[in-house]
1. Please go through the stretch 527-543 and give me each residue that is closer than 28 Å to residue 173 by Cβ and either surrounded by fewer than 24 Cβ atoms within 10 Å (Cβ to Cβ) or touching a strand residue (DSSP E or B) at 6+ places or on another chain (Cβ under 9 Å) (or both), ordered by number.
2. State the number of residues belonging to the stretch 249-266 that are in contact (Cβ under 8 Å) with a residue 60 or more places away in the chain and either under 25 Å from residue 308 (Cα atoms) or part of a helix (DSSP H, G or I) (or both).
3. Would you please list the contacts, defined by Cβ atoms under 8 Å and residues six or more apart or on different chains, that run from a residue in the stretch 404-417 that is modelled with pLDDT of 80 or more to a residue that is in a strand (DSSP E or B)?
4. Take residue 73 and decide whether it is modelled with pLDDT of 95 or more, among the hydrophobic types (A, V, I, L, M, F, W, C) and surrounded by 14 or more Cβ atoms within 10 Å (Cβ to Cβ).
5. Could you check the stretch 217-236 and list, in sequence order, the residues that are part of a helix (DSSP H, G or I) and either of a type in the set (S, T, N, Q) or touching a Leu at 6+ places or on another chain (Cβ under 8 Å) (or both)?
6. Would you mind stating whether residue 508 is closer than 29 Å to residue 330 by Cβ, at pLDDT 95 or above and touching a His at 6+ places or on another chain (Cβ under 8 Å)?
7. Just for the stretch 267-316: of the residues that are in a helix (DSSP H, G or I) and of a type in the set (Ser, Thr, Tyr), which one is nearest to residue 128 (Cα to Cα)?
8. Anything in the stretch 317-335 that is in a strand (DSSP E or B) and either of a type in the set (A, V, I, L, M, F, W, C) or modelled with pLDDT of 95 or more (or both)? List them, or say none.
Amino acid sequence: MKYIVPDYVKKKYDQVLPGGMNEWPVVALSQNREEFVQAVAEESISRIKALAPTREALIEEIETTVFREKLRIKRNPWAVDPEDEEHFLNSIKARLLDISQNNPPKEEIDEMLDEMLYEIVFRYSDEIAGNFKKTRYRMARSLVTFGFARLLNASRARGFWSIFKTKFTLQDKIHITGEVEQLRTLARKGTIIMVPTHFSNLDSILIGWVISALGLPAFIYGAGLNLFNIKIFAYFMNSLGAYKVDRRKKNALYLETLKTYSSMAIQRGCHSLFFPGGTRSRSGQIEKRLKLGLLSTAIEAQRVNYQKGKRDALEKIFVVPVTLNYNFVLEAPSLISQYLKLQGQERYYVENDEYSTSYKISAFLVKFFTKGSHISVSIGKAMDVLGNYVDIQGNSYDKNNRVIDTQEYFTQDGRIISQNQQREDEYTRMLSERIVEEFHRINKVFASHLVAFTAFEIFRKKYSKLDLYNLLRLPEEDLFIPIDEFKDTFNRLLAKVHQMKNEGKLDISPYLMGDPDEMIEHGMKNVGMYHAKRPLIIDKAGNVTTQDLNLLFYYHNRLVGYNLEKYV
């Protein structure tokens, strides 16, 4: 089955800001980095003091921070950690000890606490802050586009010299669909918060290429501090708008500084990207529950902007869900093992992550881009921070398609409220639920997803008395499906998927159009195509079987949440 990419998918987009990089908010943020770091530190201190309003509460927060940080560097040190970290923590600890032992005057205690709090928070703020460089951004963009396109050509054509040809581009492999024009228009007028699904280590690079390919300004995004252990990654990410997120740090001082950084950057008009699931989906499912920490900063930034008088419809903050769709995920074996370990506790054994070094990540990228499988990136409808759809002019609409004023959600007795944490927490929950709904609506079902779902659900029904973990332990000789039974079930599910597509509940790949036998052949060829043990194959007897039921479970999970099980 051959699918020709429509011309509109391959369209080359001009920059949305014709003035070039000098108009990008992230450039202005970088040029004023020192001032911004200072502002983040001061605002974070103000918030921390509001959370710990008494002298005793503040001492307890600082003591907790020092204890947890010393435990972190002892149990889980990273190469990227500052060399003076232990010395710094010992200095804070000594001053806390001085307060408890010598009991100085209260005014002196307050002064000492303010000094310690500032040193800790400023250190965090400076660590988190990105350092965008225009020249390095151009170079990184060129290297990614050139390098992956060369790999793509080498894989599609024969002979050494094919690597230098330009017959195939990344747009032949990566198909961008959905609300592209709305995204580009709103990026000229307001501030975009892009929230993608997260399945693979490839996601950050992929979404970065998409942002560039659509002519959008660079986005700031949170990158795990562990990635900065790899020097070549650190070199580029330090200069591409990435701010550092250290998931080892769980203390309130760090978390408040991180949220403040995100909120203040959004307030200054920086387009922002974060994976609301928090980490890669271990199960292979589309995220059902999102992390609310960074998501809440969009709510806060919108309220602060209203307080500052930014009330025009096109000065709003717009949330844009994005789904990334793959036929296979290279990390799937380790991800599903981690998921089963977490869910089954002692009933399952987990392996280590396979892609943790520069060599392995490089091999990951080479292997992915030399495979023939396509990737789909689906851009969802933009929403305001309350989860209401917006039109291309930035106006919000409720469920009855009536224009609404988002500012009213932050107004009490005709005045913009300064803050209502309980209310904003509820708004964050509402937004997270709407993002999950939109993820499912714009999810593009691949043939590989549907064949995996079909096979695993047949096995589940056949062995309905077994729980999941006993099912996954079945020997290979018990795992086969007569091809006619498989086709019948596939066709029933296919009909339901097309019905849901017509109802606007999901999207489908062009490979799910036409002859069902060709769809099955295409799906089985592509599902988990890289793995040594294939999730689905046809055995010598002509039956459908699996070489790895765990992997089949992983790829099946992409269609969990649509209530398709009852059609098996």
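The values are calculated or read from the model by the stated rules, or taken from the named source; none is laboratory data. In this text the structure is predicted, and so the values were computed from the model without any measurement. Cβ sites come from the backbone with ideal geometry, for glycine too, and all protein chains shown count toward neighbours.
1. Those that are closer than 28 Å to residue 173 by Cβ and either surrounded by fewer than 24 Cβ atoms within 10 Å (Cβ to Cβ) or touching a strand residue (DSSP E or B) at 6+ places or on another chain (Cβ under 9 Å) (or both): 529, 530, 531, 532, 533, 534, 536, 537, 538.
2. 11
3. Note: pairs meeting the criteria are 404/396; 404/397; 405/396; 406/396; 407/416; 410/416.
4. So residue 73 fails the test.
5. Answer for the stretch 217-236, where residues must be part of a helix (DSSP H, G or I) and either of a type in the set (S, T, N, Q) or touching a Leu at 6+ places or on another chain (Cβ under 8 Å) (or both): 226, 229, 233, 234.
6. Considered against the rule, which asks whether it is closer than 29 Å to residue 330 by Cβ, at pLDDT 95 or above and touching a His at 6+ places or on another chain (Cβ under 8 Å), residue 508 comes out as yes.
7. Residue satisfying both the conditions and the ranking: 297.
8. Listed by number, the residues that qualify are 317, 318, 319, 320, 321, 322, 323, 324.
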